[in-house]
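Novice: Encoded as structure tokens, here's the structure I'll be asking about.
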Amino acid sequence: MELYFRGEEFRTAFNKLRGIKSFFPHAPVIGLSGTLTVSQKEAIPKQLGLENFNLIEHTPDRPNIFLRKVKKQQGIDVLDEYEQIVHKLCDDLYEKKADFPVTLLFLPIYYMSEAMVYLQSLFGCSNINESLYSAICSGQDEYVINSTIAELKKENPTIRLVLTTSIAGMGFDPKNVTHVIHACPPRNVSQYLQEIGRAGRSGQTSHATLYYCNRDIGKNLPGINDDIINYCKTDSSCLRNQLLSVFGFKKDKSIIDCKCCSFCAENCICESCVDVTSIENMHF
């Protein structure tokens, strides 16, 4: 029998697994996860009833993904904030067409319909097999979801922009995505790291952009973790190290600042950046 869990449901199920050891005391046990925080690595062995165990881990970092964080300009209401992000993105798609980088845009379900209406106003109604954009969300037509996923596996997909929610999780493995955008933060850093990991799956240079405002990270929001609040609020250090510290890791020293994150890139002193700065400062 195989059981599949996602997100917090998966973590909650661990609480019931300890009892299995009493029925099979000599059976070997292995626990696997793509992203475990420091606190989870301490708690889960206890939840599984493991006493003598070996922890084998590898950094979850994806060095080929450039990290960027942007504080949103708060508008009159929340829809105005999303329009500042989504409309510009849709306009770029309309202008660039097939030259637009394959992009996943994570945004709340309640605004997705507004975004789709705007896209249709630009492109008109189109068949999913010919469209430059798509949407993956709960309740979406199964044919549309399957067609979108199949298209993204192609070397040069027709679909260039996918509006999505956290439903694009396990089993969603696009090969050509080079930009992941969050119109607002997810509820924790683990989820964020998993979702930006949909970019650069073939090793290509990619980008992850997170938009946020104070409204998005209020401590009264259901299920929000301190780790994502701290990531959004902290502006004085490397974004990559901020993310990795939650999992007990640091970034590799070989990563060049201008290819790391928006914070590090501002003060990069690599040869390429110094040359560019020198040219910009030249007076003719």
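The values are calculated or read from the model by the stated rules, or taken from the named source; none is laboratory data. This is a predicted model, so every value here is computed, not measured. We place every Cβ from the backbone using ideal geometry, glycine too, and count neighbours over all the protein chains shown. Heads up: the accessible areas ignore ligands, DNA and RNA and are worked out on the full protein's heavy atoms, side chains in. Shrake-Rupley method; radii C 1.70, N 1.55, O 1.52, S 1.80 Å.
Novice: Starting from the range 196-210, keep only residues that are part of a loop (DSSP other than H, G, I, E, B), then list their pairs with residues that are hydroxyl-bearing (S, T, Y) and open to solvent by 10 Å² or more (accessible area, probe 1.4 Å) whose Cβ atoms are within a distance under 7 Å, requiring at least 6 positions of separation or different chains.
Specialist: Close Cβ pairs (under 7 Å, with a partner that is hydroxyl-bearing (S, T, Y) and open to solvent by 10 Å² or more (accessible area, probe 1.4 Å)) amount to A199/T178; G200/T178; Q204/T178.
Novice: In the range 104-148, which residues are in a loop (DSSP other than H, G, I, E, B), β-branched (V, I, T) and either in contact with a Leu (Cβ under 8 Å, 6 or more places away or on another chain) or modelled with pLDDT of 95 or more (or both)?
Specialist: Result: no residue meets the conditions.
Quick grid of which residues meet (1) more than 16 Å from the chain's Cα centre (by Cα); (2) open to solvent by less than 90 Å² (accessible area, probe 1.4 Å); (3) modelled with pLDDT of 95 or more:
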{"site": "G223", "(1), (2), (3)": "yes, yes, no"}
{"site": "I229", "(1), (2), (3)": "no, yes, yes"}
{"site": "L239", "(1), (2), (3)": "no, yes, yes"}
{"site": "L243", "(1), (2), (3)": "no, yes, yes"}
{"site": "C264", "(1), (2), (3)": "yes, yes, yes"}
{"site": "S278", "(1), (2), (3)": "yes, yes, no"}
{"site": "N281", "(1), (2), (3)": "yes, no, no"}
{"site": "F284", "(1), (2), (3)": "yes, no, no"}
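Novice: Exactly one condition in (1) buried (at least 17 other Cβ atoms within 10 Å of the Cβ); (2) within 30 Å of P222 (Cβ to Cβ); (3) of a type in the set (A, V, I, L, M) is false for I159; which is it?
Specialist: Status for I159: all satisfied but (2).
Novice: Looking at (1) in contact with a helix residue (DSSP H, G or I) (Cβ under 7 Å, 6 or more places away or on another chain); (2) more than 24 Å from E83 (Cα to Cα), which one does E130 not meet, given that it meets all the others?
Specialist: Of (1) in contact with a helix residue (DSSP H, G or I) (Cβ under 7 Å, 6 or more places away or on another chain); (2) more than 24 Å from E83 (Cα to Cα), only one is false for E130: (1).
Novice: Can you find even one residue in the range 166-187 that is free of Cβ contacts under 8 Å to residues at least 40 places away in the same chain, at negative phi and among the aromatic types (F, W, Y)?
Specialist: yes
Novice: Quickly run through the range 72-103 and pick out the residues that are within 17 Å of T209 (Cα to Cα), modelled with pLDDT under 95, open to solvent by less than 40 Å² (accessible area, probe 1.4 Å) and of a type outside the set (V, I, T).
Specialist: Scanning the range 72-103 gives K72, E81, Y82.
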